[in-house]
Every structure is written in structure tokens, then in C-alpha cells.
Amino acid sequence: MAKYVFVTGGVVSGLGKGITASSIALLLKARGYKVFMQKFDPYINVDPGTMSPYQHGEVFVTADGSETDLDLGHYERFIDEELNYTSSISSGKIFSSVIEKERRGDYLGGTVQIVPHITNEIKSKVYEAASTSQADIIITEIGGTIGDIESLSFIESLRQIRNELGSNNTLFVHTTLIPYIYGSGELKTKPTQHSVIELRGLGIQPDIIVCRAPQNLGEDIKNKIALYCSLNKENIIEAVDVKNIYQIPINFYEQHIDETILKQFDMKIKEIDLDYWKKLIKTVDNLSGQVTIALVGKYVELHDAYLSVAESLKHAGYKYQTKVNIKWVDSEKLEDENNLDNTFKDVDGILVPGGFGSRGINGKISAIKYARVNKIPFLGICLGMQLAIIEFARNVCNIKDADSTEFNELTSDPIIDMMSEQKAIVNLGGTMRLGNYECYISENTLAKKLYQQSVILERHRHRYEFNNKYRELLESKGIVFSGINKQSNLTEIIELKNHPYFIACQFHPEFKSRPTKSHPLFEGLINNAKNRK
Ligand code: GLN
């Protein structure tokens, strides 16, 4: 039977619950256990796929094509396990499933209620994650902050699971904030005490408290929290602010959080294999060179909108012992910029990531042209590939009206057009081309050199595609179609000859990059940016 770790948050949001959950999972995996992770989100959207990045940050996509919370990206980067549809559960998913059952008549004669119908549905999702993953330990993070109305049904479900399975099989980690008051020069424990009282009011006594703090807590503070929250001192873990999030598992390990958890579960404390992670930290702490990559997008004020892209750039930097600085360039502002040298004079590479809608498109196209003409290393992702093709068609092939029907439905040259299977789709949620698809890579191409493989699997999230009617013409002018999905004949990767590094892909490589295993397309960008420098 699986064991369950539930991670809740108190006091404020944005404490790093996701990183806490991921770090715990990483340590348990390093102890030789099979782990699986799951996130509950209290919002009513069925998934974040239809939310603006301003609301929610990036939408992370799993291999099976689930559109999920960005915390799943942290999970996969920390534990290096592929997650799936059982890993990302919102209130919307729970409610729609209960309502569907009610309409079908599954509850015939009954009044359908939050308790037990919604709570049973939530519990079934925890158990489904355990049975499909066959993991030894499931780590479930509950979104939101204790005290929120929205998350009550989730908390009640977890309380019931604890009651059903007991404290040998379930463990609650509560993450809180210990603020520092400058006037008196003190760390304060009261918000934590109150948050634990709130949690107890819902029937849950935490087993471990993770205290996010600007500095070390010291013994007195730890003792105080332990006393007021009825815990042993070893169960109070400090999470002091760090420059690099990948440091957190090591900080937790030094406080024996993994041992405390395994002891409560009556599981064997096997030898830990953490050397690979310590090596990573050492690399990160000793980066010698640096490069600057311009990330040209329309949501750049909110860096979380491009979280996985930014992480992937860093990971590739680790491979070359190089610190990667990101210059966030607002594509809309670029549209009014007459002299692009001003923007790009201090950058060593340009990246145009994915996106939707027409705002800022011309700014991105100018950035791509600048990279092509000035031979600056360039990586285009999804929309970035579509725009690289449009730019080339307009400015090299002289097809002046070349456009995507996403922004210009009436264009006479729809060089990017909606995929045929998309045309009949009416619902917008969960209906894009999502998740893993195969891509065949041609011999003697940059893509082949980077991947060193002929068939790759990458994750997708798009509705539009390159229109093959234009392929021959573009090829004759110098675009190489180096990656193709053979089943549907869709273009997956394009590149340019006579350019040091100009490559773009229809898929999202950022979802597969790991800190200890960077992605070939990002590695190529950083390596070439470094050479250029
Ligand atoms: N908007 C484009 C499409 O739907 C690109 C999507 C993306 O960049 N993720 O095809």
C-alpha cells in the first residue's frame, strides 16, 4: 500500500509549497523509493489551459497531454519522473465529474452534497494517482492557503484519508512564513501558531512544519514553534531564503526531513544517493562565464509566464558552466523601436517562445529578422517557429501577405494555418494538439547534430501548423525542414543554412529540460551564444 504526504500552506501564498513538496519527493526518491506527485488546485476552471498567463503563469504540459499548473514543472524538474492526468486536479475537474455522474443517474435518489460526494471524488483522485503510478509514496500539494473557502473540501478529504489510513500511512507537512520585524529585529512565530490553530480547526494536526524565513530560526524559535504546535523539534524544518531553488533539497536533507518522514511511515531508512544533486549545486555555485539571452514575449512582466523556458536556459548554462542572464524584451514595445541595435546590442542570443493571439506579433517578427540578418543565435518555440517561417516568407521569399490565420483570417497566403482536425472543434478547453508526438529528424541537419537521434518525442500545445503548400518554395530559398511528424506530415523543426544557429520547433522543448539533463536545443543556443561572445 502507498504512503501519502500532504503539503498544505499557511499565512501567505507564494511560500514555495511546490518547491517544498518537490524537495521532499526528491529526497525520498534518493532514498530508493518510487515517488509520484500530485497537485490539487481550488479554482473552478477544469484546467489552467484557458487561463491567461497573467492569471496563472505558464501552463505546463505533461507527456500525456494534460494542461497543468506550473508547479508540475517544478515536480518534474526535481524528481525527473513523467507525471500525468492524475497529477493535476482542480475543483473544476472534481465538480464536473460529480455533476456528470449525477446526470447519468449514478446517485439516483440521493441529494448530491459537498460531503460526501465531492470529498469522495477528491479521495478517489488521491487513490487513483497511487494505483496508476504504483509508487511507494505519493506527495500531494494542496493549492491556496489554509483558511481559504475554496480549499475546504480538499482539506476535509485529506482529514478523512488520515482517519481511514492512520498516521503510519499519511503525513501532513504545513508550510508557513516566519516574518522578520525590522523595528525590533525579531523573527515572529505568531502567524505560524495561528495558521496551525486554523488547520487544527479543520481537524488536521500537522506532523511537520516547514518554516520559510529570511534567516536561520535558531534553537529558541524552533523550540517555541514545537511547543505551541505540539511537535518535536526535529519536526520543525527551516526553509531559509536561497538564491538557487535547487539548494532546498540539500538544506532539507541536512535537517533529516526524509528520515523523519520514513520513521513515521515505518519505512526503512535506506542509504541515500544524493551525490548527483550535490554535484549540480556545486556546478551552479561555480559558474565561470556568462551570456545574455533576449527572451522576446508579450507576458514578460510576469516571469512565471515563461518559467520552464527560463529554467531550461539556466540548465543549458550549467552544462557549459555559464550563467545565463535573461534580458526580458516586451514584444509590443519592440514594435515602436526603430533602432533594434539598442535592444539587442548587449545580447548573445535571441529566443522567441510560444504564445497566442495577435498582440506583439510584429515585435517578435522584427526580433527574428534581426537574429537572422545579424547571425545571432536564435531559438524559436511553437509560435516562435511559426513567426520565423512568416518572417522568412515575407522578407526572403517576398510573399508579402504571408501570415497565420490565427492573426489574419483573410490572408491570401496562409503560410501558417489551423490544423485540419482543429477546424471542426468548438470547445476551447483541452482541445489543442497536446502532449507527446514523434518527430523524425533528417540526416545531416543541425537538429540531428544536436539530438544525436533520428526519432524524438516532444510535448506539444498548439492549434496551428505550417502549411505544406509552401514547403518547396521555402526550401528552395534556404529553409531546412529538419524534423517532421510522419503520421500527419506536420513540420516539427526548421533551421537555416548559412547561419551559426537558427533553429525553431513546433513543440515545447522546455517541458523536458532538467537541471541535471539539459535539452539539446537550449544547449545549442547557449553554446553558440557563448562562442559568439
Ligand atoms: N498560437 C499558436 C498555435 O496555437 C502557437 C501556440 C504556442 O505557441 N503554444 O498554434
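The values are calculated or read from the model by the stated rules, or taken from the named source; none is laboratory data. Remember, predicted model here, so these are calculated numbers, not experimental data. No Cβ is skipped: glycine too gets one built from the backbone with ideal geometry, and neighbour counts run over all protein chains shown. Just the protein is used for accessible areas: all its heavy atoms, side chains included, with ligands, DNA and RNA removed. Shrake-Rupley method; radii C 1.70, N 1.55, O 1.52, S 1.80 Å.
Things to note:
- Environment charge of Leu108, counting only residues whose C-beta is closer than 12 Å and scoring Lys/Arg +1, Asp/Glu -1: +1
- Residue-normalised accessible area of segment 393-523, expressed per residue, 1.4 Å probe, Å²: 45
- Listed values for segment 433-442 are Karplus-derived 3J(HN,Hα) couplings in whole Hz (6.51 cos²θ - 1.76 cosθ + 1.60, θ = phi - 60°), namely 6, 10, x, 5, 9, 7, 9, 9, 9, 6, and x replaces Gly and Pro.
- Solvent-accessible area, 1.4 Å probe, carbon plus sulfur percent, for segment 438-533: 44
- Summarising the label geometry, the points placed 7 Å from Cα in the beta-carbon direction at Asn286 and Glu219 lie 3.5 nm from one another.
- Equivalent ellipsoid semi-axes, segment 115-271, via Cα gyration tensor eigenvalues times 5, rooted, Å: 28, 20, 14
- Looking at the chain, the DSSP beta bridges with both ends there are about 35 percent antiparallel.
- Accessible surface of Ile99, taken over heavy atoms with a 1.4 Å probe and every protein chain present, rounds to 100 Å².
- The residues packed around Ile250, meaning those with a beta-carbon under 15 Å from its beta-carbon, carry a net charge of -2 if Lys and Arg are +1 and Asp and Glu are -1.
- Overall Cα dimensions of the chain, principal axis frame, Å, largest first: 73, 63, 44
- Annotation: Cys211 carries an accessible surface of approximately 0 Å², with a 1.4 Å probe and no ligand, DNA or RNA atoms counted.
- Largest to smallest accessible area among Glu337, Glu198, Glu100 [probe 1.4 Å]: Glu100, Glu198, Glu337
- Dipole moment magnitude, nearest 20 debye, segment 1-118 about Cα centre, only Lys, Arg, Asp, Glu C-beta charged: 460
- Relative to the longest principal axis of the Cα atoms of the chain, helix 17-30 runs at roughly 80 degrees.
- Gln487 paired with Glu301, simple spin-label distance in nm, labels 7 Å along Cα-to-beta-carbon: 4.1
- Computed from the C-beta positions of His256 and Glu82 and an R0 of 30 Å, the FRET efficiency is 0.55 to the nearest 0.05.
- Solvent exposure, largest accessible area first (probe 1.4 Å, DNA, RNA and ligands not counted), of Tyr437, Tyr85: Tyr85, Tyr437
- Gyration tensor verdict on segment 237-376 (Cα atoms; rounded if a/c is under 1.5, prolate if a/b is larger than b/c, oblate otherwise): prolate
- Fully extended contour minus Cα-Cα distance, from Lys333 to Val373, at 0.36 nm per residue: 12.3 nm
- The calculated FRET efficiency for the pair Leu473 and Asn120, based on their C-beta separation and a Förster distance of 56 Å, comes to about 0.45.
- Extension gain from Ile149 to Arg359, taking 0.36 nm per residue of separation minus the Cα-Cα distance: 72.0 nm
- Separation of alpha-carbon centers, segment 274-289 and segment 93-135, rounded to whole Å: 44
- Ligands, DNA and RNA left out, the accessible area of segment 150-269 computed with a 1.4 Å probe is 48% carbon and sulfur.
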